[in-house]
Amino acid sequence: MEITIVGHPSMIVLDSNAYAGLIDQMHFGENSWRVRASSTRWKGGYSAWSATRIFYTSRPPFPPWLYRPPYDTLLICDSLPALVGFQWGSVDYAQYYEFEIYKDSLLLYAVSLPQFGDSVYLDDTGHYDWRIRAGSAHWQMPGQWSGLWLFTVTKP
C-alpha cells in the first residue's frame, strides 16, 4: 500500500502496509492525504488513488500568563512547611495544565491539573522556580512551556 501525505514543504510517499509516523511539526494549517494499493501481480502495479482527505494541524498555544507568586518574589514564612499559592491565566480550549516546581534546578513537584491554580506545601527555605503549560486531548501536542519564574522562601 502506498500512502501519500501532501503538506508543506514536501510530499511524503511511503510504501508499507501501515503508517505510523509524525507529520512535520513545524507545518501548521491544511494538509491532505490519499492512499492506493500496489502489487507486483497487478497490471500497472497500482490501484486508483483514493479520494483526497483533508486534515488540519495548528500551532501549539502560547503559555499561560503567570500571576502568583510574582517573578522574583521573596516569601517570608514564620514556619515551615509553608503553603504557597500559585495562579496562572487560562488558555482557550485547554483541558489541563502541567505545573512544575524546581528547587535548585531539581524537579520538586509536577502535576497535571484541570484548573489554573494550585497550592503547594514547601518544606524548606531557598530559591524555587516554577513553570506551566496548557494541554488538551484535542491538540496535536501540548502548549509551550512558560519561562521559569523565580521566587525565594525565607524565614524572618
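Just so you know, all these numbers are worked out from the coordinates, no wet-lab data involved. Quantities reported herein were computed from a predicted structural model and do not represent experimental measurements. Using ideal geometry, Cβ is built from the backbone for each residue, glycine included, and neighbour counts are taken over all protein chains shown.
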_Can you tell me the length gained on complete extension of the stretch Tyr67 to His138, counting 0.36 nm per residue apart and subtracting the Cα distance?_
22.9 nm
*Nearest 20 debye, what's the magnitude of the dipole of segment 66-154 about its Cα centre given +1 on Lys and Arg Cβ and -1 on Asp and Glu Cβ?*
220 debye
*Peptides 90-103, 115-128: what's the order by average Cβ count within 10 Å, highest mean first?*
90-103, 115-128
_Given the options His138, Gly126, Leu107, identify the residue whose Cα lies farthest towards the positive end of the charge dipole of segment 99-149 (+1 on Cβ of Lys, Arg; -1 on Cβ of Asp, Glu)._
His138
_If you average 1/r across every pair of different Cα atoms in segment 102-146 and take the reciprocal, what Kirkwood value do you get, in Å?_
12.5 Å
*asked:* Can you give the Rg/Rh ratio of segment 66-154, where Rg is from the C-alpha atoms and Rh is the Kirkwood radius?
replied: 0.99
